[in-house]
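Trainee: Could you have a look at this structure, given as structure tokens, before my questions?
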Amino acid sequence: MNRSFWLKKAAKFVFFAALFVVVAVFATMSLWNWLMPMIFHLPALNFWQTLGLVVLSRILTGGFGRGGQGGRSRWAAWKRQTQERLEAFSPAEREKFRQQMRNRCAGSWGRPAAEAPVESAV
């Protein structure tokens, strides 16, 4: 492969990445300026303010794609590690651990329907 091939490929990538960012910022700006001033009486934003808002939201909600599939790969690694630990337990220890987890984590979603608390309407 020659050098000009890679330069063209890199230029195409940079162009489409910039185009994607511009479209995303304009879409966010349009939605913000359409909804937020009317609903919450907030000011309308210009392009640069919206770009800053998009960057800030990406930072606060998980960054810019660190390591493959993000949360899914971390969850899979955690699940695999937990499964390996459970396999090292004896059957009695495993049941005791599961019971402790049920007691700690049992919300209305974790209990059978007969045990779920009944919420009263106020």
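Trainee: So what is the relative contact order of the range 3-62, in percent, for Cα pairs below 8 Å that sit 6 or more residues apart?
Mentor: Relative CO of the range 3-62 lands at 27 percent.
Trainee: Which distance in nm do the two modelled labels at residue 80 and residue 15 give, with both placed 7 Å along the Cα-to-Cβ direction?
Mentor: So the label points at residue 80 and residue 15 sit 4.0 nm apart.
Trainee: Multiply the residue gap between residue 46 and residue 31 by 0.36 nm, knock off their C-alpha separation, and tell me the result in nm, one decimal place.
Mentor: Values: separation 15, 0.36 × 15 = 5.40 nm, distance 1.20 nm.
Additional length available on full extension: 4.2 nm.
Computed from the coordinates by the stated procedures, all read-outs in this text should not be read as laboratory data. Just so we're clear, the structure is a prediction, and the values are computed from it rather than from any experiment. Cβ sites come from the backbone with ideal geometry, for glycine too, and all protein chains shown count toward neighbours.
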